[in-house]
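Take a look at the structure below.
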Amino acid sequence: METVVSGIRSTGHLHLGNYFGAIKNFVKMQHESNCYFFIADWHSLTTHPHPDDLHNNVKKVLSEYLACGIDPDVATIYVQSDIPEIAELYLLMNMNAYVGELERTTSFKDKIRKHPDNINAGLLSYPVLMAVDILIQKANKVPVGKDQDQNLEMARKFAKRFNNIYDVNLFPIPEAYGFKGEMVKIPGLDGSGKMGKSEGNGIYLFDEPKEIQKKVMRAVTDSGPTQMNQKMPESINNLFTLLDAVSTPDTVEYFKEKYNSCEIRYGDLKKQLAEDIINFTTPIRKRIIEINSNDEFLRRTVKIGAEKARENASKTLKEARKIIGFKSF
Ligand code: AMP
């Protein structure tokens, strides 16, 4: 069975884009592969989070993933900073990562442009830590979005380089995990292409029904179709993409017909969309609250996750140390 590793950002609430674009696939994937999901709290330090937030952010994200259906009895879910082996392998792998290649990565260039006052070394070697997260579990597959392509490429490069330098086959060369079927892209409701945290247009799984209603009713529309079977503009198409995700096929068909016959009332469409999003998110929101207040369950979950992840990670690290030439007296 193939081993899959996926990192999870430790900041921010999950929105519908995260759910339909990633987590829904993960929930399925966990039954098909040997999955490792980790919350990347060391990575978050590059942005200097306040100490009061660090733990709560991890707890929040963990609760949200579990509420969506990531099952700790099926997948291995752990907190990155619970695995000290990652830190040691990161140190070792940094010796074979070159400053020039790290400076050239798009994500680094992007970050220094956005935060010129905080160009720290952790930011530069971020791809090394990312590679180690993957390689330490000897992953064959990594589910990556388009924006993460380069990071996977770096992981492949570092794996090959280590294997070549020492003439070994320690690390499998990881590949992108191909989800069956098309990857959905969830649009924003502001007429824009993508729902995202930084875009400020997210409908969050944790949003209260009233908030969801408000967001949906504010969605950008146009003045309505004037010709039968007219092509939909992007803003209307976006509403239908969302409807497709949360409503029944009958509902989608009903509104499509209304659009095609120029009888659609966007107010009705939005009301239905809001209602269906609320129906979809409400049970998840309830589970998030339940899980987030169940410290015993969370403690057990990360403990078991860390044990499983460390068992694997310590084997890889031991092999790497031996290959590099460390010996005990
Ligand atoms: P982020 O935390 O924004 O980097 O998102 C994590 C993952 O969620 C991404 O790598 C995508 O797989 C998925 N994702 C985020 N936003 C969307 C979206 N609007 N549509 C589809 N998938 C998304």
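The values are calculated or read from the model by the stated rules, or taken from the named source; none is laboratory data. Predicted model, so just to flag it, every value in this text is computed and none were measured. Using ideal geometry, Cβ is built from the backbone for each residue, glycine included, and neighbour counts are taken over all protein chains shown. For accessibility, only protein heavy atoms count, side chains too; no ligands or nucleic acids. Shrake-Rupley method; radii C 1.70, N 1.55, O 1.52, S 1.80 Å.
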Considering only the range 289-329, how many residues are assigned to a helix (DSSP H, G or I), closer than 23 Å to Asp71 by Cα and not acidic (Asp, Glu)?
-> 18
Taking the range 12-65 as the region of interest, how many residues are of a type in the set (Lys, Arg) and within 10 Å of the ligand (Cβ to nearest atom)?
-> 1
Tell me, which residue of the range 1-11 that is within 12 Å of the ligand (Cβ to nearest atom) and of a type in the set (Val, Ile, Thr) is least open to solvent (accessible area, probe 1.4 Å)?
-> Ile8
When you scan the range 129-148, how many residues do you find that are away from the ligand (no atom under 11 Å from the Cβ) and modelled with pLDDT under 90?
-> 0
Restricting attention to the range 72-109, and to residues there that are acidic (Asp, Glu) and open to solvent by less than 50 Å² (accessible area, probe 1.4 Å), which single residue is farthest from Phe297 (Cα to Cα)?
-> Glu101
Tell me which residues, restricted to the range 149-187, are acidic (Asp, Glu) and within 16 Å of the ligand (Cβ to nearest atom).
-> Asp149, Glu153, Glu182
Taking helices (runs of 4 or more DSSP H) that fall entirely within the range 188-286, which contain at least 3 residues that are within 16 Å of the ligand (Cβ to nearest atom), open to solvent by 20 Å² or more (accessible area, probe 1.4 Å) and within 25 Å of Gly69 (Cα to Cα)?
-> 234-246
